[in-house]
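Each remark here refers to the structure printed beneath this line.
The values are calculated or read from the model by the stated rules, or taken from the named source; none is laboratory data. If you're wondering where the values come from, they're calculated on a predicted model, not measured in any experiment. Neighbour counts are summed over all protein chains in view; Cβ atoms, including those assigned to glycine, are modelled from backbone coordinates with ideal geometry.
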């Protein structure tokens with residue numbers, strides 16, 4: 001089956017969200033998009049949900065195109081990465097991004113062009129105000145193994161249940177087994193079967209990847225962290 005036909009039939013939106021900034025959501029989103037592209041063979045579009053100050057361009061080593069935000073002309077603003085992932089990047093211009101972007105139109109256009117749409121959302125206290133998150137088939141809640149993150153994650157699930165979205169939420173624990181991490185049993189007790197990914201703490205390895213502007217799943221596919229991201233991609237492909 002041609003890729004265009006396969007993509008139209010299986011288009012899936014995966015939105016990554018963290019209750020607080022700084023837990024590695026953007027790094028995971030970029031590497032997950034590259035992993036999905038490699039494993040699925042379908043087109044993958046990566047959306048930087050922070051169209052003013054997002055970091056996807058830096059993490060992929062790409063330069064955004066000016067004038068981003070006119071979602072009726074999505075093809076004019078997608079930048080292709082060496083992996084084949086096409087990215088909608090931050091422009092740094094408020095007038096060209098948030099002020100003009102219609103998220104629902106954007107998602108519809110992306111679904112027509114891809115098998116998977118990965119969205120790196122903005123962290124915040126009211127995630128369901130963002131249609132990019134609400135429309136996702138899978139909401140990947142990114143947490144670090146610490147008490148505050150677990151508490152915020154539980155609150156997120158409560159809000160998700162109120163909006164009828166809890167069934168879409170899955171959990172990824174980043175920087176797993178770091179020196180200050182919570183016991184495994186406490187995390188499992190809090191989120192149970194929702195936990196579909198555990199990404200180890202490999203600070204220098206990740207920092208080298210970020211500084212190089214190259215996803216680690218591409219530069220070091222056999223590394224334990226890369227293997228964990230590929231496993232996460234497989235889990236999301238199963239839906």
Discussion item. Looking at region 202-238 only, could you name the residues that are in contact (Cβ under 8 Å) with a residue 12 or more places away in the chain, surrounded by fewer than 18 Cβ atoms within 10 Å (Cβ to Cβ) and part of a loop (DSSP other than H, G, I, E, B)?
Written reply: 213, 220, 223
Worksheet entry | residue 146 vs. criteria surrounded by 15 or more Cβ atoms within 10 Å (Cβ to Cβ), out of contact with any helix residue (DSSP H, G or I) (no Cβ under 9 Å at 6 or more places or on another chain) and either touching a residue at least 24 places away in the same chain (Cβ under 8 Å) or under 25 Å from residue 55 (Cα atoms) (or both) | yes
Worksheet item: Before we move on, is residue 166 closer than 30 Å to residue 104 by Cβ, crowded, with 20+ Cβ neighbours inside 10 Å and in contact with a helix residue (DSSP H, G or I) (Cβ under 7 Å, 6 or more places away or on another chain)?
Response: no
Discussion item. If a residue counts only when it is over 21 Å from residue 210 (Cα atoms) and modelled with pLDDT of 65 or more, which strands (runs of 3 or more DSSP E) contained entirely in region 1-101 have at least 3 such residues?
Written reply: 12-17
Worksheet, complete the sentence: Residues of region 187-201 being surrounded by 13 or more Cβ atoms within 10 Å (Cβ to Cβ) and over 16 Å from residue 142 (Cβ atoms), in sequence order, are 188
Worksheet item: Does residue 158 satisfy the criteria of being more than 18 Å from the chain's Cα centre (by Cα), within 20 Å of residue 20 (Cα to Cα) and surrounded by fewer than 18 Cβ atoms within 10 Å (Cβ to Cβ)?
Response: yes
